[in-house]
Amino acid sequence: MAYVDGFVVPVPKKNRKAYVRMARKAGKVWREHGALDYVECIADDVKPGKHTSFPQSVKLKKNEVVWFSWIVYRNRRHRDRVLAKVMKDKRLKPMMDPKSMPFDGKRMFWGGFKVMVDL
């Protein structure tokens, strides 16, 4: 079964264009190094919950919007190989600096997931 890296990040609304530029560049790099798919989604129907929610998970501020994104690989081993290449890619160095990120990286969360159902 496939393997997926998923992440959620709060992006200031004023930085939407900058985030999209960064995401397009990152997606290109990931795909060139072997990722099967790279998807970035902006929240459209996401409301705060009573106990948990996407907005609560990133401590969303009034001027921000949640982004939910994922990268698909053949399996965990494939992901580890792709990620090793991506992390060495010089095109990503400028966007890895927290000062140049169009979002607060401290409130981003991510993880790797084994696909269990794929219909």
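Structure data summary
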| quantity | calculated |
| --- | --- |
| Every residue from the range 47-76 that is touching a Leu at 6+ places or on another chain (Cβ under 9 Å) and β-branched (Val, Ile, Thr) | Val66, Ile71, Val72 |
| Test result for Lys62, free of Cβ contacts under 8 Å to residues at least 24 places away in the same chain, in a helix (DSSP H, G or I) and either basic (Lys, Arg) or at positive phi (or both) | no |
| Residues of the range 33-47 classified as without any contact (Cβ under 8 Å) to a residue 12 or more places away in the chain and farther than 17 Å from Phe7 by Cα, total | 2 |
| Test: residue in the range 63-83 that is loosely packed, with under 13 Cβ neighbours inside 10 Å, modelled with pLDDT of 95 or more and under 28 Å from Lys17 (Cβ atoms) | yes |
| Search result, residues across the range 23-50 that are surrounded by 14 or more Cβ atoms within 10 Å (Cβ to Cβ) and either at pLDDT below 95 or part of a strand (DSSP E or B) (or both) | Tyr38, Glu40, Ile42, Val46 |
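The rows are residues; the columns are (1) closer than 22 Å to Gly112 by Cβ; (2) of a type outside the set (Gly, Ala, Ser).
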residue	(1), (2)
Asn15	no, yes
Ala26	yes, no
Glu32	yes, yes
Cys41	yes, yes
Pro48	no, yes
Lys61	no, yes
Asp97	no, yes
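The values are calculated or read from the model by the stated rules, or taken from the named source; none is laboratory data. Note that this is a predicted model, so its numbers are computed, not measured. All Cβ positions, even for glycine, are placed from backbone atoms using ideal geometry, and neighbour counts span all protein chains on display.
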